[in-house]
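Reviewing the structure listed below.
The values are calculated or read from the model by the stated rules, or taken from the named source; none is laboratory data. Here the structure is a predicted model, which means the values were calculated and not measured. We place every Cβ from the backbone using ideal geometry, glycine too, and count neighbours over all the protein chains shown. To get the accessible areas, we keep the full protein, side chains included, count just its heavy atoms, and leave off ligands, DNA and RNA. Shrake-Rupley method; radii C 1.70, N 1.55, O 1.52, S 1.80 Å.
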Amino acid sequence: MVAVSLSRALLLAGAFARLGLAQTEPPTILAEDGAVLPADETTVAPAAEPEVVEGAGEEVLLLTDAVMANLTSLALSGIDLFAFDEDATGVTQRSANGFQVGDCKVFPGDRAWPSRLGWTVFNLLTGGALIETVPIGAVCYPNSGVYDAAKCQHVLANWAQSSLHASDPTSVMSPLYQGETCMPQNGNTGTCEMGSFPSYSVKISNVYQVQLAVNFARNQNLRLVVHNTGHDFLGKSTGAGALSIWTHNLKDIKHIKSFRSPSYDGPALKLGAGVQVGELYAAANSLGVTAVGGECAGVGVAGGYLAGGGHSPMSSKYGLGSDQVLSIDVVLPNGRFVTATETKNTDLFWALRGGGGGTFGVVTSITVKVYPKQKLAGFSMTVNAGPESENTIAVFWQAMYAYWRRFPGYAGLGVYGYSTVFPLFTAAGGYSWTFHPFMFPDMTLAQFKAQVKPLFDEWTALGLNFTPNFFEKDNLYDVWTQHFPVESVANSNIRTASRLFPASAWQNNATRDAMFDEVRAIVEEGSALIQYNMNPRQTQGTPNSAANSHWRDAVWFAIMGAGWAPGIPETELAATNNKITHNWMERLRAFGPGGYGNEGDVMEPNFGEAFFGNNYQRLLSIKREVDPNDLFWAPTAVGAERWTIQGQPDWLLTQVGKLCKISN
Ligand SMILES: Cc1cc2nc3c(=O)[nH]c(=O)nc-3n(C[C@H](O)[C@H](O)[C@H](O)COP(=O)(O)OP(=O)(O)OC[C@H]3O[C@@H](n4cnc5c(N)ncnc54)[C@H](O)[C@@H]3O)c2cc1C
Ligand SMILES: *[C@@H]1O[C@H](CO)[C@@H](O)[C@H](O)[C@H]1NC(C)=O
Ligand SMILES: *[C@@H]1O[C@H](CO)[C@@H](O)[C@H](O)[C@H]1NC(C)=O
């Protein structure tokens with residue numbers, strides 16, 4: 001594996017500063033009177049002009065042809081590095097500063113890597129938004145140059161909380177794909193290495209900065225990454241040697257009382273790309289409406305969540321998160337800012353709703369439907385099973401089958417049934433089954449109890465000991481704040497995969513029971529089970545989208561996977577990882593060919609078919625059209641099969657290493 005250490009990266013940067021003089025002399029710009037001035041914050045303004053976005057009546061700061069013409073006429077050093085695609089023919093797209101590059105994205109240390117001057121001008125044009133990466137764990141390494149015991153303690157104490165990572169420009173919550181090259185540790189004497197961390201990121205506060213980053217990366221053939229919160233489970237928001245566009249700080253939420261499109265006329269919210277689920281729900285609550293978002297507070301709504309489909313507590317009633325989208329503002333690979341709606345840029349509008357993040361451009365804001373406030377009823381609870389628990393393992397499984405058998409029926413009632421099965425970490429062992437929660441919309445508690453009575457009667461007859469914590473609320477926000485879990489993140493020794501099981505698997509009792517037996521066997525072999533009973537069908541009047549067709553008839557979404565002890569031998573590590581992809585998931589593919597790309601396996605064979613279903617071919621052709629040179633790339637994203645990361649083992653694709661083409 002390639003691993004550039006921090007100090008080595010800094011050394012390299014220094015070495016390159018001394019290479020060709022033309023590239024490294026301080027940048028200059030002409031004054032009005034033609035005098036040559038040093039280009040700095042006092043002489044170069046952010047490369048932006050205000051423009052009103054069509055339709056929304058909202059002002060954004062854009063990089064325009066006029067801005068580029070001005071800076072070109074002032075002969076700002078390096079301005080051609082930021083040219084729009086159609087103007088960039090003067091810059092050799094594949095080797096921006098004269099050096100030939102191979103079929104890989106330019107990597108730090110390559111001779112074609114941008115000069116100091118390029119980065120300096122980039123920083124000036126973005127108004128000082130460029131950040132040189134310091135891995136979040138570096139403060140824990142005495143030899144990193146940024147060691148700080150108190151900061152290290154803070155990182156260690158908050159490591160499992162998503163907010164720690166989301167507020168850092170480059171941290172990710174699945175360190176496995178990062179290469180675990182700078183994990184925070186007490187008294188660490190090792191070396192903090194860059195692993196898959198990007199070299200630089202741009203802290204986005206307005207659209208023009210995204211355009212500059214896109215043009216700069218495209219013109220210089222850099223690897224480009226889009227990073228919002230870092231929740232991604234497959235390593236899609238990180239990449240070695242990349243320039244990363246950090247959207248987390250785009251926090252605007254705007255209420256639109258009446259949004260009209262051919263298929264919709266009603267209230268909506270316009271969300272900046274950095275808005276998180278908790279912020280969306282709080283805003284919806286204060287407006288007295290219901291929004292469709294995920295279950296975890298920290299996930300970025302308009303980032304990877306909506307791009308990848310997005311399942312929600314309201315999905316059985318309103319469909320996927322991506323079904324709520326009315327309008328999308330996006331910076332395309334050619335650097336231009338456009339809006340996609342049902343009537344404008346319609347291919348993009350189709351693809352951006354479910355076709356996956358980091359693939360077609362950088363979304364800067366999204367307008368979504370909201371619904372009236374509504375009542376919900378259900379319960380949360382934990383049931384333990386095992387030799388020292390209130391239930392035997394045999395009863396636990398019978399109770400689970402009784403529950404599973406009812407999934408299609410519950411889906412028809414608008415269910416959100418979210419529960420987890422984890423091993424009991426006691427000497428005696430067993431399982432812990434927790435509902436987070438199980439609920440129906442539009443029901444009083446009395447109606448809810450009537451619906452689940454047959455299940456509860458069966459559980460009681462089986463002898464299951466269970467104590468539901470019932471609730472009845474008049475709005476989603478109260479349920480979500482009181483009956484949903486706070487999830488911990490950033491456990492490194494863990495790998496997950498997922499399956500979507502369609503209702504048709506229940507039509508034949510033998511097939512259905514064989515599916516149950518297989519899931520049970522895999523749990524018995526050591527897998528966790530994070531399961532959702534829901535059916536995010538496309539509701540009437542929702543325009544077609546690229547969302548995974550396997551979601552539409554699913555009534556059971558199951559995430560499975562396993563962890564391992566740190567430091568186990570490589571052969572054991574490979575075996576554990578291979579088992580998840582090629583044994584556990586393979587045994588389930590017969591029942592559920594689809595998986596959910598946002599919570600899927602990075603090694604999923606035929607990921608195009610599994611994660612996008614019958615939309616994949618059209619997605620590939622739109623990708624070719626919008627991004628012919630694959631400026632955007634992420635593992636398992638549309639078109640990902642054309643590139644790979646160098647130096648990877650065959651059982652895992654991390655983002656540590658050069659990104660190189662494998663075919664045309
Ligand atoms: C604890 C936890 C709970 C979760 N709960 C749910 C849930 O209830 N429902 C659900 O559907 N999913 C859930 N997920 C999965 C979640 O949808 C994905 O991890 C999602 O990709 C996160 O998006 P992000 O923008 O927050 O993360 P990031 O990791 O920052 O980005 C994810 C992907 O989106 C791309 N991206 C981000 N922003 C943009 C942008 N502005 N433009 C273009 N591309 C962009 C990135 O390049 C990357 O490919 C959960 C994940 C975790 C870790
Ligand atoms: C041209 O660019 C300079 C340098 O950034 C800036 O100070 C000036 O305001 C710009 N003029 C126009 C008309 O945009
Ligand atoms: C299939 O199983 C259900 C229980 O879920 C049962 O009611 C039904 O009779 C079974 N059908 C057949 C043909 O055995």
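Let's see how each residue does on (1) of a type outside the set (A, V, I, L, M, F, W, C); (2) in contact (Cβ under 8 Å) with a residue 40 or more places away in the chain; (3) farther than 22 Å from residue 435 by Cα:
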residue: 486; (1), (2), (3): no, yes, no
residue: 515; (1), (2), (3): no, yes, no
residue: 520; (1), (2), (3): yes, yes, no
residue: 524; (1), (2), (3): yes, no, no
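The residues in region 79-103 that are modelled with pLDDT of 95 or more and not in a loop (DSSP other than H, G, I, E, B) can be counted, and the count is 4.
Take the residues in region 275-294 that are part of a strand (DSSP E or B) and open to solvent by 10 Å² or more (accessible area, probe 1.4 Å); name whichever of them is farthest from ligand 3 (Cβ to nearest atom).
For region 275-294, the residue satisfying everything is 276.
For the condition more than 16 Å from ligand 1 (Cβ to nearest atom), modelled with pLDDT of 80 or more and surrounded by 19 or more Cβ atoms within 10 Å (Cβ to Cβ), residue 52 does not qualify. Taking the numbered list (1) of a type in the set (Gly, Ala, Ser); (2) assigned to a strand (DSSP E or B); (3) farther than 24 Å from residue 292 by Cα in turn, residue 427 passes all entries but (2). Residue 139 meets all of the listed conditions (1) under 30 Å from residue 218 (Cα atoms); (2) buried (at least 20 other Cβ atoms within 10 Å of the Cβ) but one, namely (1). Listed by first and then second residue, the pairs with beta-carbon distance under 7 Å, at least 6 apart or on different chains, first residue in region 404-427 and within 16 Å of ligand 1 (Cβ to nearest atom), second open to solvent by less than 40 Å² (accessible area, probe 1.4 Å) and among the acidic types (Asp, Glu), are 418/295.
Taking residue 398 as the residue in question, decide whether it is loosely packed, with under 14 Cβ neighbours inside 10 Å and in a helix (DSSP H, G or I). In short, no.
In the set (1) within 16 Å of ligand 3 (Cβ to nearest atom); (2) not assigned by TED's automatic domain parsing to the domain that holds residue 483, the condition left unmet by residue 405 is number (2).
Taking region 177-218 as the range and being touching an Asp or Glu at 6+ places or on another chain (Cβ under 8 Å) and either polar (S, T, N, Q) or closer than 19 Å to residue 109 by Cα (or both) as the test, the residues that pass are 181, 195, 199, 200, 215, 218. Selection of region 641-653 for residues being within 15 Å of residue 223 (Cα to Cα) and out of contact with any Asp or Glu (no Cβ under 9 Å at 6 or more places or on another chain) yields 644, 645, 646.
The set of residues in region 646-664 being free of Cβ contacts under 8 Å to residues at least 60 places away in the same chain and surrounded by 17 or more Cβ atoms within 10 Å (Cβ to Cβ) is empty.
The condition (being assigned to a strand (DSSP E or B) and at pLDDT 95 or above) is satisfied by just one residue among 326, 306: 326. Applying the criterion of being open to solvent by less than 60 Å² (accessible area, probe 1.4 Å) and assigned to a loop (DSSP other than H, G, I, E, B) to the residues of region 542-557, the residue that is nearest to residue 611 (Cα to Cα) is 548.
List every residue pair whose Cβ atoms sit under 7 Å apart, with the two residues 6 or more apart in sequence or on different chains, where the first one lies in region 540-554 and is at positive phi and the second, anywhere, is part of a loop (DSSP other than H, G, I, E, B). Correct list of pairs: 541/263.
Of the candidates 234, 269, the single residue that is farther than 26 Å from residue 600 by Cα and crowded, with 24+ Cβ neighbours inside 10 Å is 269.
Output the residue which, of all residues in region 584-617 that are farther than 20 Å from residue 506 by Cβ and among the charged types (D, E, K, R), is surrounded by the most Cβ atoms within 10 Å (Cβ to Cβ). Step by step, filter region 584-617, then rank; the result is 601. Within the set 331, 362, 325, 338, the sole residue that is surrounded by fewer than 19 Cβ atoms within 10 Å (Cβ to Cβ) and of a type in the set (Val, Ile, Thr) turns out to be 338. Screening region 558-635 for helices (runs of 4 or more DSSP H) wholly inside it with 2 or more residues that are among the aromatic types (Phe, Trp, Tyr) returns the ranges 607-612. Just one of (1) of a type in the set (S, T, N, Q); (2) open to solvent by less than 30 Å² (accessible area, probe 1.4 Å); (3) part of a helix (DSSP H, G or I) fails for residue 380. It is (3).
Considered as a group, the residues in region 174-207 that are in contact with a Phe, Trp or Tyr (Cβ under 8 Å, 6 or more places away or on another chain) and among the hydrophobic types (A, V, I, L, M, F, W, C) include one that is farthest from residue 272 (Cα to Cα), and that residue is 192.
Scanning region 444-479 for residues that are open to solvent by 50 Å² or more (accessible area, probe 1.4 Å) and part of a loop (DSSP other than H, G, I, E, B) turns up 465, 467, 474. Considering only residues that are of a type in the set (Val, Ile, Thr) and under 17 Å from the mean Cα position of the chain (by Cα), which ones fall in region 609-648? Passing the criteria: 636, 638. Of note, residue 189 satisfies the criterion of being outside any helix (DSSP H, G or I), of a type in the set (Ser, Thr, Tyr), out of contact with any helix residue (DSSP H, G or I) (no Cβ under 9 Å at 6 or more places or on another chain) and more than 16 Å from ligand 3 (Cβ to nearest atom). State whether one or more residues within region 480-490 are among the aromatic types (Phe, Trp, Tyr), under 25 Å from the mean Cα position of the chain (by Cα), assigned by TED's automatic domain parsing to the domain that holds residue 380 and part of a helix (DSSP H, G or I). The answer is yes; a qualifying residue exists.
Filtered by the rule that a residue be outside any strand (DSSP E or B), under 20 Å from residue 425 (Cβ atoms) and open to solvent by less than 30 Å² (accessible area, probe 1.4 Å), region 494-533 gives 522, 523, 527. I'd like the full set of residues that are open to solvent by 20 Å² or more (accessible area, probe 1.4 Å) and in contact with a strand residue (DSSP E or B) (Cβ under 6 Å, 6 or more places away or on another chain), limited to region 182-208. Answer for region 182-208, where residues must be open to solvent by 20 Å² or more (accessible area, probe 1.4 Å) and in contact with a strand residue (DSSP E or B) (Cβ under 6 Å, 6 or more places away or on another chain): 191, 193, 203, 206. Between 492, 488, 498, which is at pLDDT 95 or above and more than 14 Å from residue 313 (Cα to Cα)? Result: 498 is the single residue among 492, 488, 498 that is at pLDDT 95 or above and more than 14 Å from residue 313 (Cα to Cα).
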